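Just below is one structure, and these are the notes that go with it.
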Amino acid sequence: MDEISTAVRDYIIREYVQEGDDREVTDTTPLISSGLVDSFSMVSLLRFLEKEYAIHIPDADATPEAFDTVERIVALVRSFQKVEVGSV
Amino acid sequence: MSFTDAVRNSYQADIEGIKSTGLFKQERYIHSPQSSDIEVEFPIGSALRKCINICSNNYLGLSSHPAVIAAAHAGLDARGYGMSSVRFICGTQDIHRELEKRLTEFLGSEDTLLFPSCMDANAGFFEACLNEQDVMIADRLVHASIVDGMRLSKAVQDTYKHSDMGHLEEKLREHQDKRFRLVITDGVFSMDGDTAKLADVVALAEKYNAMVFVDDSHATGFIGRSGRGTHEHCGVFGKIDVITTTLGKALGGASGGCVSGRRELVEMCRQRARPYLFSNAVAPVIVAGTLKVLDLISATTERRDKLEWNARYWRGLLKEAGFDLREGDSPIVPVMLYDAKLAQDFARDLFNEGVYAVGFFFPVVPKGQARIRTQLSAAHEKHHLDTAIEAFKKVGKKHEILGLGKKELVAKFAA
């Protein structure tokens with residue numbers, strides 16, 4: 001859990017925080033509802049998660065609510081990892 | 001299905017929801033031609049108020065220019081009112097093609113195709129010219145119409161941090177496996193008024209074998225030494241693969257837009273862009289007026305020079321008064337307030353002082369970035385700006401914000 005959380009947080013900082021913006025991103029920082037990530041830019045985060053964790057997140061699950069904090073994103077990733085393990 | 005009470009109630013609840021979040025938009029009725037001095041009815045039913053307009057896209061002051069109006073009248077007489085057709089059936093007149101050629105020459109491209117608006121040009125281009133083997137890499141602050149257009153395309157979507165060339169380079173490297181790469185940016189960004197780093201974008205595009213797309217709606221006619229646009233300003237004239245722009249701002253401000261660029265890309269739009277294929281030709285009267293606009297701005301740079309002076313003067317006045325501004329050198333000068341309610345109150349108070357400006361806040365700009373966007377025009381005389389700044393100062397004093405920077409403003413209105 002911690003490893004995924006760190007990787008996701010690092011990616012979000014690298015991918016979304018503008019240079020000179022000193023905001024802190026924690027596991028519970030709102031991402032979508034704060035405007036840091038929007039539906040237009042969210043697609044790269046989705047692609048990162050699918051590639052990094054070898055999962056497929058269907059559009060219906062890639063909702064703004066599910067992507068609103070690092071904590072929720074990690075939970076989403078883990079739920080799909082479980083599904084894929086179970087389906088083998 | 002009929003429009004039952006239940007359906008009506010559902011929509012009414014949605015509308016109330018928009019109102020309760022402070023996002024309800026209301027039109028103000030202007031009873032005069034578009035200009036620096038306008039007469040406004042607001043609230044609806046109230047007496048007309050004379051205002052200085054400092055929020056229009058009438059950058060060159062040509063919206064109501066006598067020569068443009070006369071040319072439009074002549075066009076109306078010579079070519080009629082409407083075409084009653086899309087372009088490819090029986091909607092193309094000689095003057096449509098003449099305007100496309102004139103725009104091609106002005107923008108330094110290979111060919112041009114008119115659209116009903118630049119919104120339509122952006123909505124149509126990506127789907128017509130790219131497929132699932134390609135990638136579109138857009139600056140995160142591009143105009144909403146580009147976002148919509150990209151969503152209609154099957155090409156892979158990606159974005160880069162606003163004007164961050166390091167991030168763009170990472171993305172270009174990441175997508176080397178795609179057939180075509182297209183870097184997408186505004187020339188001048190409409191909300192912040194800053195200019196794209198087009199020379200760097202072009203250099204990266206050359207290095208990583210990508211095409212460049214620029215929406216120059218807030219630049220065509222006045223940015224660059226002779227007003228050709230951001231590509232002229234940045235020294236990359238003739239190197240942009242696709243320019244979309246509007247006739248609805250500096251170029252007379254009526255309506256209409258275009259895709260201008262590489263011949264084959266323009267031809268693909270002519271064959272496949274749905275907003276071009278399925279909507280009416282631009283009205284002859286607008287075509288005739290825009291041809292006159294191009295005559296005027298090709299003959300002299302007087303108007304864009306005056307606009308440049310006005311923008312610099314206005315920016316100086318606001319700074320001296322103690323307002324927090326977004327840096328930039330375009331005629332878009334955002335006065336940063338950060339708080340949505342303050343932006344609304346500030347705009348209302350300005351209106352009561354005879355200055356028409358509008359507050360912008362989320363979702364039009366990011367959360368916590370509310371502002372009054374002021375826009376200069378060559379139609380502004382010095383006295384307009386001297387009068388407007390007094391109103392800004394008065395309202396600024398009322399809200400006790402003069403001299404405050406971002407941190408102080410955010411702290412003051414955080415409660």
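Can you tell me which residues in region A:16-29 are surrounded by 12 or more Cβ atoms within 10 Å (Cβ to Cβ) and more than 12 Å from every other protein chain (Cβ to nearest Cβ)? Matches in region A:16-29: A:Val25, A:Asp27, A:Thr29. Consider region B:183-241 and keep the residues that are touching a residue at least 60 places away in the same chain (Cβ under 8 Å) and aliphatic (A, V, I, L, M). The one that is nearest to B:Ser63 (Cα to Cα) is B:Ala219. Answer with yes or no whether B:Arg303 is surrounded by fewer than 16 Cβ atoms within 10 Å (Cβ to Cβ), under 21 Å from the mean Cα position of the chain (by Cα) and assigned to a helix (DSSP H, G or I). So B:Arg303 fails the test.
Considering B:Ala357, B:Ala343, B:Ala370, the condition of being closer than 18 Å to B:Leu317 by Cβ and not basic (Lys, Arg) is satisfied by B:Ala357 alone.
Within region B:22-44, how many residues turn out to be out of contact with any Ser or Thr (no Cβ under 7 Å at 6 or more places or on another chain) and either among the small types (Gly, Ala, Ser) or surrounded by fewer than 11 Cβ atoms within 10 Å (Cβ to Cβ) (or both)? Show your work before the answer.
Filtering region B:22-44 down to residues out of contact with any Ser or Thr (no Cβ under 7 Å at 6 or more places or on another chain) leaves B:22-32, B:37, B:40-44.
This time we only want the ones that are either among the small types (Gly, Ala, Ser) or surrounded by fewer than 11 Cβ atoms within 10 Å (Cβ to Cβ) (or both), so: B:22, B:25-27, B:31-32, B:43-44.
Matching residues across region B:22-44 total 8.
Residues checked against (1) under 26 Å from the mean Cα position of the chain (by Cα); (2) assigned to a loop (DSSP other than H, G, I, E, B); (3) not aromatic (Phe, Trp, Tyr):
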position: B:Cys51; (1), (2), (3): yes, no, yes
position: B:Tyr59; (1), (2), (3): yes, yes, no
position: B:Leu62; (1), (2), (3): yes, yes, yes
position: B:Ala67; (1), (2), (3): yes, no, yes
position: B:Leu76; (1), (2), (3): no, no, yes
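Take the residues of region B:123-154 that are within 19 Å of B:Glu264 (Cβ to Cβ), within 13 Å of another protein chain (Cβ to nearest Cβ) and of a type outside the set (A, V, I, L, M): which is surrounded by the fewest Cβ atoms within 10 Å (Cβ to Cβ)? Among those residues, the one meeting the criterion is B:Ser153.
Would you mind finding the one in A:Ile13, A:Ile32 that is within 14 Å of another protein chain (Cβ to nearest Cβ) and under 18 Å from B:Arg151 (Cβ atoms)?
On the way: A:Ile13 fails: under 18 Å from B:Arg151 (Cβ atoms).
Being within 14 Å of another protein chain (Cβ to nearest Cβ) and under 18 Å from B:Arg151 (Cβ atoms) holds for just one of A:Ile13, A:Ile32, which is A:Ile32.
Every test in (1) surrounded by 13 or more Cβ atoms within 10 Å (Cβ to Cβ); (2) basic (Lys, Arg); (3) away from chain B (no Cβ under 12 Å) is passed by A:Lys82 save one, and that test is (1).
Per-residue answers, yes or no, for (1) assigned to a helix (DSSP H, G or I); (2) within 14 Å of chain A (Cβ to nearest Cβ); (3) crowded, with 21+ Cβ neighbours inside 10 Å:
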{"site": "B:Gly359", "(1), (2), (3)": "no, no, yes"}
{"site": "B:Ile372", "(1), (2), (3)": "no, no, yes"}
{"site": "B:Gly396", "(1), (2), (3)": "yes, no, yes"}
{"site": "B:Lys407", "(1), (2), (3)": "yes, yes, no"}
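With a requirement of 1 or more residues that are assigned by TED's automatic domain parsing to the domain that holds B:His175, free of Cβ contacts under 8 Å to residues at least 24 places away in the same chain and of a type in the set (A, V, I, L, M), the helices (runs of 4 or more DSSP H) lying completely within region B:80-159 that satisfy it span B:144-152.
Working only within region B:340-355, note down all residues that are surrounded by fewer than 21 Cβ atoms within 10 Å (Cβ to Cβ) and either in a strand (DSSP E or B) or of a type in the set (Asp, Glu) (or both). Result: B:Asp345, B:Asp349, B:Glu353.
Scanning region B:351-360 for residues that are on the phi < 0 side of the Ramachandran plot and in contact (Cβ under 8 Å) with a residue 24 or more places away in the chain gives B:Phe351, B:Glu353, B:Val355, B:Tyr356, B:Ala357, B:Val358, B:Phe360.
Does B:Arg315 count as free of Cβ contacts under 8 Å to residues at least 60 places away in the same chain, part of a helix (DSSP H, G or I) and in contact with a Leu (Cβ under 9 Å, 6 or more places away or on another chain)? Walk me through how you get there before you give the answer.
On the way: free of Cβ contacts under 8 Å to residues at least 60 places away in the same chain: yes; part of a helix (DSSP H, G or I): yes; in contact with a Leu (Cβ under 9 Å, 6 or more places away or on another chain): yes.
Considered against the rule, which asks whether it is free of Cβ contacts under 8 Å to residues at least 60 places away in the same chain, part of a helix (DSSP H, G or I) and in contact with a Leu (Cβ under 9 Å, 6 or more places away or on another chain), B:Arg315 comes out as yes.
Each row is one residue, and each column tells you yes or no for (1) farther than 17 Å from A:Met42 by Cα; (2) within 14 Å of chain A (Cβ to nearest Cβ); (3) surrounded by fewer than 24 Cβ atoms within 10 Å (Cβ to Cβ).
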site: B:Val156; (1), (2), (3): no, yes, yes
site: B:Glu169; (1), (2), (3): yes, yes, yes
site: B:Asp200; (1), (2), (3): yes, no, yes
site: B:Leu204; (1), (2), (3): yes, no, yes
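The values are calculated or read from the model by the stated rules, or taken from the named source; none is laboratory data. None of the values given here were measured: they were computed from a predicted structure. As a convention, Cβ positions derive from the backbone with ideal geometry for all residues, glycine included, and neighbour counts pool all protein chains shown.
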